[in-house]
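The next block holds one structure in the form of structure tokens; read it before the comments.
The values are calculated or read from the model by the stated rules, or taken from the named source; none is laboratory data. Since the model is a prediction, treat every value here as computed from it, not as a measurement. Don't worry about glycine lacking a Cβ; one is built from the backbone with ideal geometry, like all the others, and counts go over all protein chains shown. When the accessible area is computed, the model is the full protein with side chains, heavy atoms only, and any ligands, DNA or RNA have been set aside. Shrake-Rupley method; radii C 1.70, N 1.55, O 1.52, S 1.80 Å.
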Amino acid sequence: SIFKNVIAKTPGKSYVGGLTTSDLGTPEYDKLLVQHEAYIEALKKCGVEVTLLSPSEEFPDSTFVEDAAVLTSNFAVVTNPGADSRNGEIVEIESALKSFYKKFHYIKAPGTLDGGDILQAEDCFFIGISERTNEEGARQLKEILEGEGFEATIIPLEKFFHLKTGIAYLGNNKMVVAGEFVNHPAFDSYEKIVIGHEDEYSANCIRVNDYVIIPQGYSETKRKINEAGFETIELDMSEVQKQDGGLSCLSLRF
Ligand code: CIR
């Protein structure tokens, strides 16, 4: 599908104290801002119109806008993020989405769901159950999606933080997979681009129109994606990775 719009959000200074499980150290805010600007420029190069929200110091992780919504071409699902400190992020995202969508669905407590656990591949959705997305949240989303004519498969995660930490759909039936997804039967019908353990971080990449944006420093991943027929753009993601984030988390694309 062709994306016309992107919503992203400049990180605030509080970002450096946000949630993380990585032991990569404290992010450098100035360096992060440079990386975030490069990310926005890359998206523009892909031909999308970017709506850039201003920083919110009260929500340290709010630059990871992907977790607050699940979008399709004709409706939006406002999520119910599983981390308490992040839950309030949905207010601003819903209001930003009001300029683009008329039809909204909602994930409701006790269901929790993070957008990072949702992958769309044409008419099929995959919904991860994680530390953030519970069974009830997954069940609610599946019901919403099936009611709208999509297929939805629920995938309990073993190790990955979010579903999209280890998988990306590039279009043309091609699926980038790492770790527990490499041999997962749910993805058997796809042409798999397998990412090795060392390069696992680069499985979180994004196809945006004529390009696949990948993290910098993963030459094997770049080669595989180029061989699969896609042009790549590489971005330094070091300060994003320190807070468990990746390329997909930083934007809502629709
Ligand atoms: C968090 O723990 O919520 C953030 N530090 C990282 C969220 C990354 N989002 C994503 O993978 N969709």
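Brief remarks on what is shown
- Other residues lying with their Cβ under 10 Å from the Cβ of Thr26 contribute a combined charge of -1, Lys and Arg counting +1, Asp and Glu -1.
- Applying both filters, DSSP loop and at most 16 other Cβ atoms within 10 Å, to the chymotrypsin sites (Phe, Trp or Tyr not before Pro) of region 1-42 eliminates every site.
- Loop-located trypsin sites (Lys or Arg not before Pro) in region 130-215 (DSSP state not H, G, I, E or B) with no more than 15 neighbouring Cβ atoms inside 10 Å: Lys159.
- Size descriptor, Kirkwood hydrodynamic radius, that averages inverse alpha-carbon separations across region 91-214, Å: 15.3 Å
- Candidates Leu33, Leu113, Asn87 compared by Cα position along the dipole of region 1-157: farthest toward the positive end lies Leu33, with charges placed on Cβ.
- Rg/Rg_ref, region 92-144, where Rg_ref = 2.2 N^0.38 Å and atoms are Cα: 1.19
- Carbon/sulfur fraction of accessible area - region 190-247, other protein chains in place, 1.4 Å, %: 41 percent
- Take every pair of alpha-carbon atoms less than 8 Å apart whose residues are at least six positions apart; their mean separation over the length of the chain yields a relative contact order of 22 percent.
- Ordering Tyr201, Val212, Phe181 by the projection of their Cα atoms onto the charge dipole of region 158-214, which places +1 on the Cβ of Lys and Arg and -1 on the Cβ of Asp and Glu, puts Val212 at the extreme positive end.
- In the context of the full set of protein chains, residues of the chain present 44 Å² of accessible surface per residue (probe radius 1.4 Å, heavy atoms only).
- Sites matching GluC sites (Glu not before Pro) across region 8-69 that sit in DSSP coil, with at most 13 neighbouring C-beta atoms within 10 Å: Glu57, Glu58
- Here the chain is treated with +1 on each Lys and Arg Cβ and -1 on each Asp and Glu Cβ, and its dipole about the Cα centre works out to around 600 debye.
- Label-point gap, in nm, between Ser1 and Leu24 - each point 7 angstrom along Cα→Cβ: 2.8 nm
- Over every Cα atom in the chain, the radius of gyration and the widest Cα-Cα span, Dmax, amount to 16.6, 45 Å.
- Counting only Cβ charges, +1 for Lys and Arg and -1 for Asp and Glu, the dipole size of region 21-104 around its Cα centre is about 580 debye.
- Candidate lysines - alpha carbon under 28 Å from Lys108, same-chain residues fewer than 8 apart omitted: Lys9, Lys98, Lys142, Lys159, Lys164
- Once both labels are positioned 7 Å from their Cα atoms along Cα-to-Cβ, the gap between Ala228 and Ser14 label points is 3.7 nm.
- Charged neighbours of Ser54, selected by a Cβ distance under 11 Å, balance to -1 (K, R count +1; D, E count -1).
- In region 176-222, Cα pairs under 8 Å separated by at least six residues give a relative contact order of 32 percent.
- Compactness ratio for region 41-143: Cα radius of gyration over 2.2 N^0.38 Å (N = residue count) comes to 1.07.
- Think of region 62-171 as having a plus end and a minus end, set by charges on the Cβ of Lys, Arg, Asp and Glu; of Phe126, Ala138, Ala96, Ala96 sits farthest toward the positive end of this dipole.
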